[in-house]
Each structure stands twice: as C-alpha cells, then as structure tokens.
1. Which of the residues that make up region 29-54 are open to solvent by 70 Å² or more (accessible area, probe 1.4 Å) and among the β-branched types (Val, Ile, Thr)?
2. Of Asp295, Asp256, Asp323, Asp283, which residue is open to solvent by 30 Å² or more (accessible area, probe 1.4 Å) and at pLDDT 85 or above?
3. Filter region 184-213 down to residues that are under 39 Å from the mean Cα position of the chain (by Cα) and of a type outside the set (Ser, Thr, Tyr), then give me how many there are.
4. Output the residue which, of all residues in region 434-486 that are more than 15 Å from Thr537 (Cβ to Cβ) and among the small types (Gly, Ala, Ser), is farthest from the chain's Cα centre (by Cα).
5. Can you tell which of Lys358, Lys347, Lys340, Lys380 is touching a helix residue (DSSP H, G or I) at 6+ places or on another chain (Cβ under 9 Å), without any contact (Cβ under 8 Å) to a residue 40 or more places away in the chain and open to solvent by 50 Å² or more (accessible area, probe 1.4 Å)?
6. Of all residues in region 31-48 being out of contact with any helix residue (DSSP H, G or I) (no Cβ under 8 Å at 6 or more places or on another chain) and modelled with pLDDT of 75 or more, which is farthest from Gly11 (Cα to Cα)?
7. Filter region 480-532 down to the residues that are modelled with pLDDT of 90 or more and of a type in the set (S, T, N, Q), then identify the one that is most open to solvent (accessible area, probe 1.4 Å).
Amino acid sequence: MAKAVETLKPGVDYTVDEKQKTVAPNETAVAKVEKFLGVKNMYDSENIEMSHCFTAALRAKSLMKRDRDYVVKDGEIVIVDEFTGRLMEGRRYSDGLHQAIEAKEGLEVRRQSQTLASITFQNYFRMYNKLGGMTGTAKTEEDEFIKIYNLPVVVVPTNMPVRRVDMPDVIYKTRRAKLKAVANDVERIHSTGQPVLIGTTSIAQSEEISGILRKRGISHNVLNAKFHEKEAEIIADAGQKGAVTIATNMAGRGTDIKLGEGVPELGGLYIVGTERHESRRIDNQLRGRAGRQGDPGNSRFYLSLEDDLLRLFGAKNISSIMDRLGMGEDDPIEHKMITKSIENAQKKVEGRNFDMRKHVLEYDDVMNQQREIIYAERKKVLKGGNLREHVIHMIAQIIEAEMDQYANAKLYPEQWTLGELIKDAEKVYAPQGKLKLEELEDMSRDEVQETLMNVAEEAYKLREMLFGEENMRELERIVMLRVIDNRWMEHLDEMDMLREGIGLLSYGQRNPLVEYKIKGHDMFQEMIDGIQTDIATMMYRVNIITPEQQRAMEEQAQQRLAQAKSNHSGDDSEEETKQQPYVNEEKIGRNDPCPCGSGKKYKNCCGRDK
C-alpha cells in the first residue's frame with residue numbers, strides 16, 4: 001500500500017487541507033491504487049480493511065513529517081511531542097497510522113496495538129474533586145480553563161520587575177532570507193560575548209540552523225528530541241558568556257538558565273525565535289527563558305511569508321504590503337502592528353484547536369457514562385467476595401430474554417417456538433437432553449421459565465460440586481474480568497469506527513452528536529447483553545485443571561515426545577515423522593463461544609480462518 005501511495009501526486013491525485021489537517025483522495029488516486037493492487041473496487045465491503053490502510057498511508061505520506069512529528073530511532077518510529085519537543089517513548093499512533101509511517105520509512109511494520117482503555121485528558125482531570133495548578137503561560141488559554149474546568153486564571157505579579165525587552169517581529173519574504181538574517185544576528189550578538197538561545201519549531205529546522213552556524217564557525221549546542229539525555233547539562237550552560245544554544249519547542253525543561261559572570265552587563269540572555277508556533281504559549285515559554293527573576297534580556301522573532309502559520313493564516317495582507325512598498329527578498333518589515341496581526345492569527349488557530357478539543361470532549365462525554373458503568377462492574381469483581389449471586393442474576397436475565405424471544409407473553413402458546421428455546425438454552429446453561437419439548441408444551445409460561453431456571457441452577461451446583469467452592473469462586477472472578485475486558489476493548493474499536501463515519505450524517509441535516517449518542521447507547525446495550533451471555537456460557541463450559549493434572553499432562557507430553565524421537569531415530573528414511581493434529585469430532589457453531597476459553601465467538605477466535 002505504501003508503494004502505491006508513493007506514486008500519487010499532491011494537488012493531482014489528492015488534496016491536503018493543512019488548516020484542518022485532513023487529506024482527501026480524488027477519483028484518479030483511487031483508480032491508480034486499485035490498478036496497483038489488482039482490485040476492482042477498493043470500497044467493497046470485502047475490501048474495507050484495504051481502504052482503511054489506503055487512508056492511513058495517505059495521511060502518513062502527506063501530513064506526517066519526519067523530524068517534526070516523529071523521529072526514526074534504533075529502527076523504530078518515536079513520536080515527538082509537538083509542544084515540548086520531547087520524545088514520547090512507548091507511545092504509538094492509533095488507527096493504523098503508526099504502521100503506515102513504518103511502511104513509509106521502510107521499517108519493520110509491527111502489529112497494530114489494541115486500545116485497552118481510553119479517556120480524554122479533560123475527563124481524566126475532572127475525576128479529581130479539586131483542580132488547580134500554576135504555569136507561566138495559562139493566561140492565553142483562559143477561556144478554555146473556564147469553559148472546560150470552570151477554573152478562573154489569576155495572574156500573580158512577578159517577584160521582580162521584568163527587564164526583558166521584547167522587540168517586534170521581523171518578517172522576510174522567503175525562508176532563505178529569514179535564516180540568513182538569523183545567522184547574521186546570531187553572529188553579531190555572539191561576537192559581543194552575549195549568550196544566545198535560538199528557538200525552533202522542529203528537529204529538522206534546528207539541524208538546518210546548526211549546519212548554517214557550523215559553516216560560519218560559530219560553536220554551539222543543540223537541544224532537541226535526539227539529544228534529550230543531555231537536556232539539563234545543555235540548559236545549565238546556555239546562560240554562560242559566549243554560549244549559543246539551539247532548542248526545539250523550549251518549554252520549562254525543569255532547569256533554570258542562570259546567567260554567567262559578566263553576562264548581565266552584556267544585556268543578559270538573547271532569545272532568537274526562528275518561527276512563530278501555532279500556540280502563543282510556546283512562544284511565551286521561549287521568551288520566558290530570558291529575564292527571569294529581574295535579569296536583563298532580549299527577545300526577537302524572525303519570520304517569513306513561507307512559514308506555516310503565515311502561509312496558512314495571515315500572509316496575504318502582509319505580502320501585499322511588502323509588494324506595494326517594492327521590498328526585495330532581503331528587505332525585512334518590522335512593525336508592532338504586524339506583530340499584533342500575527343498574534344491575532346495565532347488566536348484564530350488556538351480557537352480552532354480549542355473547538356476541536358471541545359468537539360472530542362463532547363463525544364468522550366458519551367463514552368464517559370459507559371466507562372463509569374463498566375469500571376464500576378470491574379471494581380465489584382476486583383474487590384473479590386462471593387460473585388455467585390451476580391452470575392445467577394445474569395443467567396436469570398438471559399432466561400428472561402429467551403422467554404421474550406421464543407415464548408413471548410403477547411403470543412398464544414401455539415405460536416411459541418419451544419424447540420428453538422431448548423436449542424438456545426443448551427448452548428449456554430442446559431445439559432444436552434435435559435429439557436424435553438413434550439414436557440414444556442404442557443406448561444404455562446411461568447412454569448417454563450421456572451423450569452429453565454431450575455435446570456440452570458442445578459447444572460451450576462453440579463459444577464460447584466465437581467470443582468469445589470473455592471475454585472468456583474476464583475473461576476467466576478477470572479471469567480468475569482476476562483469477558484468484561486474483551487468485550488470493552490471490542491466496544492471501544494466499534495465506537496471509534498462509529499465516530500469516524502457519523503460525521504457524514506450532517507449532510508442529511510442530522511446532528512452527528514445526537515446520532516452518536518443514540519447509536520452508542522444501542523451498541524452499549526448489545527455489549528452488556530453479550531457480556532452476560534459470554535460469562536454464563538463460559539461458567540458452564542470452561543474446565544479447571546488442577547496443578548496435579550497439569551503436571552500429569554506435562555509428563556505425558558514429555559513421554560510422547562521421547563517416544564516420537566525414539567521412533568524417528570530408528571527410521572532410516574529421510575522423511576520426517578509428522579505429528580497428527582487432534583481432530584475434535586464435535587461440530588462448533590460459528591457463533592458459539594470459542595472452546596479455548598477466550599470469551600470470544602468461535603468465528604472471531606480460533607475459527608477465524610476456517
């Protein structure tokens with residue numbers, strides 16, 4: 001799939017919306033990929049996995065940039081935090097995107113991880129009774145704190161007056177001219193001995209500037225996700241006389257930059273920003289590295305009309321001004337009004353990002369209600385105790401559902417399908433042949449339901465006598481935990497798929513969020529019914545092997561292996577003795593619980609390839 005996508009051309013075969021961070025293939029792209037893969041219709045129901053891989057591969061190619069969104073380290077794709085610039089070890093993109101990036105970079109494509117649990121940061125923080133915190137850059141996100149957490153932002157006056165001088169932004173027409181100006185400014189400041197801290201928005205940009213400074217013979221240190229281990233050491237030396245430091249997305253880093261001897265007299269730390277970030281918080285964090293505790297300092301941002309922020313959100317007006325003034329490539333424009341317009345562009349982006357986060361939260365609120373119910377059930381199981389009554393209650397609910405389906409009270413007894421009822425009962429809790437059709441036909445509806453319950457309880461008591469009370473209680477705990485977890489993981493995947501497609505309903509003048517709530521509720525109820533059925537079925541079907549039985553089985557296996565080796569060594573032919581598989585004569589239905597004890601249906605487990 002990655003090779004097929006590599007042949008596609010942007011603007012011709014697909015369109016990229018960098019503002020919304022989405023990509024949409026054209027008909028030509030679909031036709032090319034179908035021809036490459038040899039399929040007639042990639043969007044057929046049987047090719048749904050293929051179309052999903054196509055979407056992920058296209059996103060990896062057009063939206064995910066190496067040394068900006070991720071790095072390749074020791075043969076693995078490691079995500080880079082867009083705000084802190086730090087590596088996020090152990091984290092993987094979901095929905096097949098991480099596998100698509102691995103294919104794009106020619107690395108080993110690892111198995112897709114399955115979501116075990118999910119929660120948004122907002123709902124996670126809301127679980128606490130009290131919320132509070134302190135940061136130097138919360139003021140720009142004041143609206144979000146109020147609307148999401150109902151937390152006001154209070155500005156605490158600085159301990160010492162701020163002496164840092166924040167100079168207006170300097171804007172160039174091209175990126176090349178901007179980098180040249182940055183290098184000139186750094187060279188000029190460095191010659192005076194004043195320390196310089198250069199802030200970049202990506203690893204690739206920091207390495208490019210590092211190459212420019214090396215050519216000019218300027219000694220410097222580089223701090224980004226690739227040199228994370230030396231972080232504290234590099235930051236500690238950034239305020240020394242003559243130091244030049246390049247840092248990616250400069251957050252607090254947990255280390256103060258202390259000015260060396262004689263540096264305050266030179267003007268303190270000089271901050272050079274090579275690009276405005278989408279979030280003003282990150283720019284403020286970079287600026288805040290200078291002028292701490294009343295220290296002197298300076299800061300200036302160098303921009304170009306080719307930077308992502310200006311190109312997408314504000315370059316047209318500035319470009320027209322520069323053209324009217326007849327300014328060349330190396331002629332900068334510098335004015336407080338321009339700086340203000342850039343901040344307004346950042347506010348637009350921040351507002352859009354907040355709307356996206358709020359949108360995610362609205363959908364997660366639906367999941368949050370379901371999450372609380374499931375986790376409450378898990379807590380009951382984890383607390384231990386006697387879960388027998390809980391299981392019996394589930395069996396009673398299953399019997400009640402069977403009665404509604406096969407012997408509904410609204411129907412005449414002649415319309416009941418008791419034969420199907422018996423088959424259904426024998427799949428879960430009733431021993432084969434225990435229920436007789438002719439006997440049930442002579443009973444009232446209440447008598448039939450009571451008979452089913454008596455048969456279920458009797459069969460359960462027999463298993464308790466067979467395995468022992470203690471083992472049966474432990475089995476209940478293990479089975480309930482496994483089934484709840486497996487069903488919840490499947491439900492999370494299904495809800496993700498529902499959310500991906502639910503947005504299309506807006507074209508039919510229907511509210512996607514309302515439809516998501518309705519369909520999500522129905523799917524959750526189906527999951528609860530499935531959990532009850534799976535738990536009941538496994539409690540009647542799963543067998544317990546004692547440690548003594550396990551040891552006996554292992555000894556028998558070793559004896560058979562030794563015998564096979566003995567037979568093989570006595571055979572002069574080169575043909576190897578093949579071990580014959582065990583054939584289970586009993587027919588297993590596609591929708592029956594898998595006999596391996598996983599809690600899944602046979603068709604979704606061991607019978608998947610059959």
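1. Listed by number, the list holds a single entry, Ile48.
2. One residue alone meets the criteria, Asp295.
3. From region 184-213, those under 39 Å from the mean Cα position of the chain (by Cα) are 196-213; that's our starting set.
Now drop any that are not of a type outside the set (Ser, Thr, Tyr), which leaves 196-199, 203-205, 207-209, 211-213.
So the answer is 13.
4. If we take residues in region 434-486 being more than 15 Å from Thr537 (Cβ to Cβ) and among the small types (Gly, Ala, Ser), then Ser444 is farthest from the chain's Cα centre (by Cα).
5. Of the residues listed, the single one that is touching a helix residue (DSSP H, G or I) at 6+ places or on another chain (Cβ under 9 Å), without any contact (Cβ under 8 Å) to a residue 40 or more places away in the chain and open to solvent by 50 Å² or more (accessible area, probe 1.4 Å) is Lys380.
6. The first filter runs over region 31-48 and keeps only residues out of contact with any helix residue (DSSP H, G or I) (no Cβ under 8 Å at 6 or more places or on another chain), leaving 31, 34-35, 38, 44-48.
With the extra rule that they be modelled with pLDDT of 75 or more, the set shrinks to 31, 34-35, 38.
Numbers: Ala31: 16, Glu34: 19, Lys35: 20, Gly38: 24 Å.
The qualifying residue farthest from Gly11 (Cα to Cα) is Gly38.
7. Gln525
So that you can scan it fast, the table gives a plain yes or no per residue for (1) more than 17 Å from the chain's Cα centre (by Cα); (2) in a strand (DSSP E or B); (3) modelled with pLDDT of 85 or more:
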| position | (1), (2), (3) |
| --- | --- |
| His52 | no, no, no |
| Ala56 | no, no, yes |
| Met64 | no, no, yes |
| Val71 | yes, yes, yes |
| Ile77 | no, yes, yes |
| Thr84 | yes, no, no |
| Gly90 | no, no, no |
| Tyr93 | no, no, no |
| His98 | no, no, yes |
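The values are calculated or read from the model by the stated rules, or taken from the named source; none is laboratory data. On a predicted model such as this, the values are computed, not experimentally measured, just so you know. In this analysis, Cβ positions are derived from the backbone assuming ideal geometry, glycine residues included, and neighbour counts consider all displayed protein chains. Areas reflect the complete protein model, heavy atoms only, side chains present, ligands, DNA and RNA absent. Shrake-Rupley method; radii C 1.70, N 1.55, O 1.52, S 1.80 Å.
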